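Note sheet for the following structure.
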Amino acid sequence: MVKLWMKNCSHRVERLPVISLSVSDNYYKAFTSPNPDHNARIYNAAEVLVGKTTFAVSPLYDRVYLFDIEVIPEYRRQGYATAVLRYLTGTYNHPITAIKELYGASDFWASARRLKEVGIIVTEPLSCSEMDHEAARWQHLQPEVDRLDKLINERLTVYNEPWHSATGRGLETMGLKDDR
């Protein structure tokens, strides 16, 4: 029975739709700061918009936090959400942790956790009340976070940059990553 599930699971993953993501970053007050949140539009092989997702990589580079996956109704149940999990695994090679897993998506997440056999590792979800405790793991990066917040505020107020521009890049774009 287990071998049959693994075979079916592997076959399902091989047949997932091809997707691409168009990503924009948000560094301002991100949960994973100094790493950004990534807001992405999901496109199918025909370059038709099929959904959107928000995710972030832990500052410790040990997991990907997935805040949401929303597939447009007419494209649901065609494998696009699972294709996003495959994309994130292939891109970052870290376990995926859902933030505030919604009850209506519990069947999807239960199924996603069984994809471990094909290399897609989905951990137990993280509730909103657990986020502060989780962020304490990278508390040692707080000086970087403070520098980034100060820089973004300067971009917004002193230099009058548009919101998307001011919040869409981190310290490295100003040559400040190693400048202390």
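Length gained on full extension, GLU124 to TRP109, computed as 0.36 nm times the residue gap minus the Cα-Cα distance: 4.5 nm. Please give me the summed charge of the neighbours of ALA56: other residues whose Cβ is under 11 Å from its Cβ, Lys and Arg +1, Asp and Glu -1. Its environment carries a net charge of -1.
Summed over qualifying helices (DSSP H, 4 residues or more, each -39500 (n - 2.57)) and divided by its residue number, the chain shows a 222 nm mean residue ellipticity of -10000 deg cm²/dmol.
Each label was represented as a point 7 Å from its Cα along the Cα-to-Cβ direction; for ASP146 and ASP132 these points are 1.9 nm apart. Gyration tensor over the Cα atoms of the range 115-164: the corresponding equivalent ellipsoid has semi-axes (square roots of 5 times the eigenvalues, largest first) of 34, 16, 11 Å. Full extension of the chain between VAL18 and SER165 yields a length gain of 49.9 nm, computed as 0.36 nm times the residue separation minus the alpha carbon distance. Determine which residues of the range 82-102 fall in the zone a paramagnetic label at ALA46 would reach in this model, i.e. backbone nitrogen under 13 Å from the point 7 Å along Cα→Cβ. The answer is none, because no backbone nitrogen lies closer than 13 Å to the label point.
With the Kirkwood sum run over all distinct C-alpha pairs, the chain has a hydrodynamic radius of 17.7 Å.
Local charge for GLN139 was computed over the other residues whose Cβ lies under 14 Å away, with Lys and Arg +1 and Asp and Glu -1, and equals -3.
Taking every C-alpha pair closer than 8 Å and separated by at least 6 residues, the mean separation divided by the residue count of the chain gives a relative contact order of 20 percent.
Over all other residues within a Cβ to Cβ distance under 15 Å of ALA40, the charged ones net out to -2, with Lys and Arg as +1 and Asp and Glu as -1.
Quick note: the coordinates plus some simple rules give every number you see, no bench work behind them. What you see is a predicted model; the values in this text were computed from it and never measured. Virtual Cβ from ideal backbone geometry, glycine too; neighbours counted across all protein chains shown.
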